[in-house]
1. Take the alpha carbon gyration tensor of region 1-95, find the square roots of its eigenvalues, order them as a ≥ b ≥ c, and report rounded if a/c is under 1.5; if not, report prolate when a/b exceeds b/c, else oblate.
2. Spelling out what I want: for every residue of region 84-90, take phi, set θ = phi - 60°, compute 6.51 cos²θ - 1.76 cosθ + 1.60 (Karplus), and round to whole Hz; glycine and proline get x.
3. How do 29-42, 83-96 rank on mean C-beta neighbours within 10 Å, highest first?
4. Among 97-110, 158-171, 59-72, what's the highest-first ranking by average C-beta atoms within 10 angstrom per residue?
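Just so it is clear, none of the values below were taken in a lab; they were calculated from the coordinates. In this text the structure is predicted, and so the values were computed from the model without any measurement. We place every Cβ from the backbone using ideal geometry, glycine too, and count neighbours over all the protein chains shown.
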Amino acid sequence: MFRGLSILKDLIKNPTKAFDEISENGKDFLIWSVLIVTLPKIISAYLHSNVHYLKGVITGVAEWLIIVILLYIVGRLLKGKANIVGLLSAIGYAQFPLIFLPVIGHLILLSIPKDVIAVIQNTSGELSKEQRLFVITHILTPTTVTLSLTTLVLMLWSFALSVIAVRECCRFSTWRAFCSVVFVMLVDMFAVAKLFEGVGL
């Protein structure tokens with residue numbers, strides 16, 4: 001049980017070794033993977049004090065399962081050797097950097113001046129040219145830019161971890177893993193998003 005937490009250190013220092021272990025012993029890491037996937041949604045619900053954000057937990061788990069199934073199918077088509085439980089755990093751990101995004105997003109909102117928020121909230125329809133200039137000028141502060149760049153770095157880190165996870169689970173080249181992840185991300189972005197929208201999630 002403790003290994004599920006301590007492997008996060010290996011994930012930072014040597015992700016190849018960490019994902020190799022996770023893929024081989026998927027069942028031992030599955031509970032921690034579920035926690036990593038759901039924690040950002042729970043943090044968002046807490047920060048916004050809104051129970052409606054908790055439906056994001058269901059959406060997050062469902063999306064994780066769909067992505068893993070798609071990666072498994074694509075991996076098999078590309079002659080990969082992944083097992084579904086190992087891939088589930090590995091992709092869950094690959095989302096570890098995203099745990100910090102709700103807090104960063106909240107800090108960005110707190111750093112936006114109240115008069116800018118008032119302009120956005122009190123405007124019906126599109127913003128005028130003057131209003132857009134006012135909003136952009138006051139939103140692009142050193143704090144918001146730094147936090148936004150941090151968000152981008154965390155997302156790229158998670159993407160890189162996903163590629164390594166698929167490579168180690170499927171036992172094929174980095175290029176095939178990269179193409180698999182990009183393809184599944186595009187499918188998720190369009191098809192799966194439409195599916196969730198259709199069922200009201």
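1. It is oblate, given that a/c is not under 1.5 and a/b is not larger than b/c.
2. Taking θ as phi minus 60°, the curve returns 5, 5, x, 5, 4, 5, 5 Hz for region 84-90.
3. Details: 29-42: 18.9, 83-96: 23.4.
So the peptides 29-42, 83-96, ranked by packing, come out 83-96, 29-42.
4. Details: 97-110: 16.2, 158-171: 22.9, 59-72: 18.5.
Top of the packing list down: 158-171, 59-72, 97-110.
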